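One structure below.
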Amino acid sequence: MSAKKVILCDAAPFGFGPISKLLSIAKILRKKYSLVLLAFGPSLELAQNSGLFDKIIKCNTDNLKGIKSLESVFNGKCFFLNVMNFKSLKFAKKNGVPYAVVDSLFYMWDKIPSVALNANFYFIQSFLNKKARLNYQKKIKNLVLVNPILDIEKKGRKKKNQLVINFGGVEAPDASFEEKQIYPKLAIEMLMPFLKNQKTFSSILITGNKATVSFISKQAPKKIKCKSLTHEKFIKELKKSKLLLTSPGLTVSLEAFYLGIPTIFLLPQNHSQFFNLIKMRKQGLAKHSIHWIDFYPKANINETENEDKSYKKISALMKKFDKNDANKKTASQKLCSILEQAKEFQKIKKTQQQKTKFKSNGAEEIAEKIIGSIERKVI
């Protein structure tokens, strides 16, 4: 019996969004191939308990030196699957390994390197990307538009009166300790009046990465459950919940819309979330939300500017907001008011489902293309 062909994988170590998409695709590919993952930070945290990879190599793929030290790992691989981390692509090309880029945030890049533009496949998740930047779209050699990338079955949903509060991956790879803590600190302060006295839900579950959950568990009332969950366990909890309150990450938003879980939104944590929420508001998907622009309408953050620069600006907004008791009180009152209006939840669900009808699963579309390429079939 011949050994399985090996696919090398990488997801940008920035929050849980990129790695969640990779896990959705990996679940399909692992039936036929052996999978090896380069992982660091939030990507490592979510992947290591997934059971989807034959080997996980701890490597900061946001750092060229870290990848270069492991360049030999590309040898002998039949394919390289990359989710939004342009930095590692050059090593696949250098070693003659076919590669694909999976991109759900195509609209926001200030630059796309030629190594990405010339990928064997450049998969663009079409949701919120309807007006993608044509100057780059025309330059992509093998562009493939796909539907939202999900790994969800609607079966097995026994509902309970539960609120899920999701902070996602929160951190950027190079964020300081203070920057990693300020967002959950602000959020729990705003939510505390509701958490202490609420009668809307039978149970409340707060989830996020391990560091965030550890911090929140020390602040939240004892009756509140605080857990860091694998992606699979998070989906199980989400399926049976009455409402989701989340940071506006694209992956978790799509998952909730697909499952019909009414969703309201916390303040954005980073550049992509900043513009995700603006776009979802324009489409009528985030009527119940709070955004930095509600308090700082002249915030000088551009959609196509460098993500690192934008992250620093958003971090500065967080610090400024933290010092303004009036703004924090306003945000807190708005959030708590929404959470107490149980009659509104069905209206939110109806609106979000009407505006997000998914025709097919992007994860399956991507896997089909990759398998066809590896097996030298015409797709």
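The values are calculated or read from the model by the stated rules, or taken from the named source; none is laboratory data. Just so you know, these numbers come straight off a predicted model, no measurement behind them. Here the Cβ is made from the backbone with ideal geometry for all residues, glycine too, and neighbour counts use every protein chain on show.
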- request: Scan the stretch 284-301 and report the pairs whose first residue is within 8 Å of Phe265 (Cα to Cα) and whose second residue is assigned to a strand (DSSP E or B) and among the hydroxyl-bearing types (Ser, Thr, Tyr), with Cβ atoms within less than 9 Å and a gap of 6+ or a chain change.
  value: Ala286/Thr263; His288/Thr263
- prompt: Just for helices (runs of 4 or more DSSP H) wholly inside the stretch 244-311: which have at least 2 residues that are among the polar types (S, T, N, Q)?
  reply: 250-259, 271-282
message: Could you list, ordered by first residue, the pairs with Cβ atoms under 7 Å in which the first is in the stretch 90-108 and in contact (Cβ under 8 Å) with a residue 40 or more places away in the chain and assigned to a loop (DSSP other than H, G, I, E, B) and the second is crowded, with 20+ Cβ neighbours inside 10 Å and of a type in the set (S, T, N, Q), at least 6 apart or interchain?
response: Ser104/Gln125; Leu105/Ser272
statement: Of the conditions (1) over 22 Å from Val146 (Cβ atoms); (2) in a helix (DSSP H, G or I); (3) not hydroxyl-bearing (Ser, Thr, Tyr), the single one that Lys222 does not satisfy is (2)
statement: Scanning the stretch 21-78 residue by residue, those within 23 Å of Ile371 (Cα to Cα), in a loop (DSSP other than H, G, I, E, B) and in contact (Cβ under 8 Å) with a residue 60 or more places away in the chain turn out to be Lys32, Tyr33, Ser50, Gly76, Lys77, Cys78
- request: Using the structure shown, decide if Ala316 is under 17 Å from Lys287 (Cβ atoms) and modelled with pLDDT under 95.
  value: no
query: Just for the stretch 218-246: of the residues that are at pLDDT below 95 and under 15 Å from Met192 (Cα atoms), which one is surrounded by the most Cβ atoms within 10 Å (Cβ to Cβ)?
result: Ala220
Residue check, Phe201 in a loop (DSSP other than H, G, I, E, B) and either at positive phi or among the aromatic types (Phe, Trp, Tyr) (or both): yes
Given (1) assigned by TED's automatic domain parsing to the domain that holds Lys334; (2) at pLDDT 85 or above; (3) of a type outside the set (S, T, N, Q), number of the condition Glu171 does not satisfy: (2)
statement: Looking across the stretch 13-42 at residues that are closer than 19 Å to Lys68 by Cα and at pLDDT 90 or above, the single one that is surrounded by the fewest Cβ atoms within 10 Å (Cβ to Cβ) is Val36
message: Please determine whether any residue of the stretch 262-278 is in contact with a strand residue (DSSP E or B) (Cβ under 7 Å, 6 or more places away or on another chain) and within 30 Å of Leu29 (Cβ to Cβ).
response: yes
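Being crowded, with 20+ Cβ neighbours inside 10 Å, in contact with a strand residue (DSSP E or B) (Cβ under 6 Å, 6 or more places away or on another chain), among the aliphatic types (A, V, I, L, M) and at pLDDT 95 or above narrows it down to one of Ala256, Ala286, so name that one.
Numbers: Ala256 fails: at pLDDT 95 or above.
Of Ala256, Ala286, the one residue that is crowded, with 20+ Cβ neighbours inside 10 Å, in contact with a strand residue (DSSP E or B) (Cβ under 6 Å, 6 or more places away or on another chain), among the aliphatic types (A, V, I, L, M) and at pLDDT 95 or above is Ala286.
Residue-wise test of (1) in the same structural domain as Lys21 (by TED's automatic domain parsing); (2) surrounded by 16 or more Cβ atoms within 10 Å (Cβ to Cβ).
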site	(1), (2)
Pro262	no, yes
Ser272	no, yes
Ile290	no, yes
Ile301	no, yes
Lys320	no, no
Thr330	no, no
Lys350	no, no
Ile370	yes, yes
